[in-house]
Amino acid sequence: MSSRSNNPTPGQVPGTIRIVAGESSKPRRKRMLEICLAVGLVLLIGAGAAVASTVSRTPDAAPAPTPAVELKLGYFGNITHAPALIGTSQGLIAKSLGDTRLSTQVFNAGPAAIEALNAGALDATYIGPNPAINSYVKSNGESVSIIAGAASGGAQLVVKPEITSAADLAGKKLATPQLGGTQDVALRAWLGAQGYQTNTDGSGDVAINPTENAQTLKLFQDGKLDGAWLPEPWASRLVLQAGAKVLVDEKDLWEKGEFITTVLIVNKNFAAAHPDTVQALLKGHVESVDWLNAAPADEKATVLNAALKDSAGAALPADVIDRSLKNIVYTVDPLAGTYQKLLQDGVDAGTTKQAGINGIFDLTALNSVLGAGATGTTISAQGLGTD
């Protein structure tokens, strides 16, 4: 005798069939087939619903990029870094960053800022192009991206009045802000083109002593330096406050007189983790450059001088500010077409090794901020990165 129960016994999973000894196998197989078909159909429907649900959620599945809690920004107390001076002193960058806290640090020259960036003490910095190139080359393209230009022009070789030509520089002592910095590379490359040998240890036909800008002014006034290749306002300070004269204006060495003095760079890891923060920084940067290009001369000089006093410790005479501003163009275009020459200058100067720099630019966020799609205007990376 056999029996069939519709109620599960203790330990039996609900929805399964309990087979009792003596029951016919045919009805059992038929019933089992029906159940398998039913279960298969349920599973198929469930799987389809799960796939549909996953597909429908896919666009929202990836979490939105997280803004950084803090952005650590570096710059120099120079007129060539005016977009940073305006952006920080007028609150343009902080406002654009929103809830991201802005902290700043002032440097004398590029190599020190690069060291801070690579050590994690900075996330982004305003800097000359050659230290940015050198960092990119040394890291095989892993360290930094150039994300915008800031200033063009504003660098000169100023010397004692009795020096009238390159031939008078043999055996002389010159200064630059720091070994491997943009002005240091420019001076070494120019001297090499004049037939002089210079070495990074200060020896050679012309001695080059990397010196902090404020010290350069004092040493020149004391007669301990014969000249220096400097950015503004320091070139103007030596001319107007120490009696120097211009031997070389760097703009005369470049086609159309256009050469980049300051760019904005970002640590690549920071940019990958916080793209929205980088775009917000660029928004404030663009607003700062626009302010500089639109402000009346008197207002621009007054605001910049106040910002210089805060960052560098002292305001400048009106004639120094005026002369400096006449030598500089503020632009968000990093002038990417000049970078192969900048790289070669670094190689010739002995501060950079020969290498490719394809990929050094990432101008996509800048062009997004500028609204390039709407205006048709795109800042070009000239094949050396993305734009």
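The values are calculated or read from the model by the stated rules, or taken from the named source; none is laboratory data. In this text the structure is predicted, and so the values were computed from the model without any measurement. Cβ placement follows ideal geometry from the backbone for every residue including glycine, while neighbour counts extend to all protein chains displayed. When the accessible area is computed, the model is the full protein with side chains, heavy atoms only, and any ligands, DNA or RNA have been set aside. Shrake-Rupley method; radii C 1.70, N 1.55, O 1.52, S 1.80 Å.
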* To do: Tell me, yes or no, whether the range 95-102 has at least one residue that is surrounded by fewer than 24 Cβ atoms within 10 Å (Cβ to Cβ), of a type in the set (Lys, Arg) and part of a strand (DSSP E or B).
  => yes
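Among the residues of the range 323-341 satisfying the criterion of being of a type outside the set (Gly, Ala, Ser) and in a helix (DSSP H, G or I), which is least open to solvent (accessible area, probe 1.4 Å)?
At the first step, the residues of the range 323-341 found to be of a type outside the set (Gly, Ala, Ser) are 323, 325-335, 338-341.
Pick out the ones that are also in a helix (DSSP H, G or I) and you get 323, 325-326, 338-341.
Details: ARG323: 52, LEU325: 31, LYS326: 172, THR338: 21, TYR339: 0, GLN340: 97, LYS341: 88 Å².
Ranking the candidates gives TYR339 first.
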* Asked: Here are SER135, SER152, SER165: which of them is crowded, with 19+ Cβ neighbours inside 10 Å, over 11 Å from the mean Cα position of the chain (by Cα) and closer than 23 Å to ASP252 by Cα?
  -> SER152
* ASP348, sole failed condition from (1) in a loop (DSSP other than H, G, I, E, B); (2) over 17 Å from VAL263 (Cβ atoms) -> (1)
* Asked: Can we say SER368 is over 26 Å from GLN90 (Cα atoms) and of a type in the set (S, T, N, Q)?
  -> no
* Long-range neighbours under 7 Å by Cβ, at least six apart or interchain, first residue under 12 Å from LYS173 (Cβ atoms) and acidic (Asp, Glu) within the range 203-215, second open to solvent by less than 50 Å² (accessible area, probe 1.4 Å) and in a loop (DSSP other than H, G, I, E, B) -> ASP205/TYR196
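Considering every residue within the range 256-273, establish whether at least one is out of contact with any strand residue (DSSP E or B) (no Cβ under 8 Å at 6 or more places or on another chain), open to solvent by less than 50 Å² (accessible area, probe 1.4 Å) and not charged (D, E, K, R).
Of all residues in the range 256-273, those out of contact with any strand residue (DSSP E or B) (no Cβ under 8 Å at 6 or more places or on another chain) come to 256, 269, 272-273.
Checking the rest, the ones that are also open to solvent by less than 50 Å² (accessible area, probe 1.4 Å) come to none.
No, the conditions are met nowhere in the range 256-273.
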* Check whether at least one residue in the range 256-270 is of a type outside the set (A, V, I, L, M), assigned to a helix (DSSP H, G or I), modelled with pLDDT of 95 or more and more than 20 Å from the chain's Cα centre (by Cα), and report yes or no. => no
* Asked: Hey, any hits in the range 82-92 for a residue that's in contact with a Lys or Arg (Cβ under 7 Å, 6 or more places away or on another chain) and closer than 29 Å to LEU316 by Cα?
  -> no
* Filter result for GLY180 (outside any strand (DSSP E or B) and open to solvent by 20 Å² or more (accessible area, probe 1.4 Å)) -> no
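If I filter the range 342-387 down to residues being among the charged types (D, E, K, R) and closer than 30 Å to THR198 by Cα, which single residue comes out as surrounded by the most Cβ atoms within 10 Å (Cβ to Cβ)?
First pass over the range 342-387, keeping only residues among the charged types (D, E, K, R): 345, 348, 353, 362, 387.
Those still in the list that are closer than 30 Å to THR198 by Cα too: 345, 348, 353.
On the way: ASP345: 25, ASP348: 16, LYS353: 11.
Looking at residues that are among the charged types (D, E, K, R) and closer than 30 Å to THR198 by Cα, I get ASP345.
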* To do: Return the pairs, sorted by first residue and then second, in which the second residue is part of a helix (DSSP H, G or I), the first residue lies in the range 107-132 and is open to solvent by 20 Å² or more (accessible area, probe 1.4 Å), the beta carbons are less than 6 Å apart, and the residues are 6+ apart or on different chains.
  => PHE107/ALA113; PRO111/PRO131
* **Members of the range 216-228 that are without any contact (Cβ under 8 Å) to a residue 40 or more places away in the chain, over 24 Å from VAL106 (Cα atoms) and of a type outside the set (S, T, N, Q)** => ASP222, GLY223
* Structure fact -> Taking first residues from the range 145-156 that are more than 8 Å from ASN327 (Cβ to Cβ) and free of Cβ contacts under 8 Å to residues at least 60 places away in the same chain and second residues anywhere that are among the aromatic types (Phe, Trp, Tyr) and buried (at least 24 other Cβ atoms within 10 Å of the Cβ), the pairs with Cβ under 7 Å that are 6 or more apart or on different chains are none
* Determine if the range 187-209 includes at least one residue that is in contact with a helix residue (DSSP H, G or I) (Cβ under 7 Å, 6 or more places away or on another chain), charged (D, E, K, R) and in a loop (DSSP other than H, G, I, E, B). => no
* To do: Would you be able to tell me the number of residues in the range 194-210 that are surrounded by fewer than 16 Cβ atoms within 10 Å (Cβ to Cβ) and within 28 Å of HIS81 (Cβ to Cβ)?
  => 2
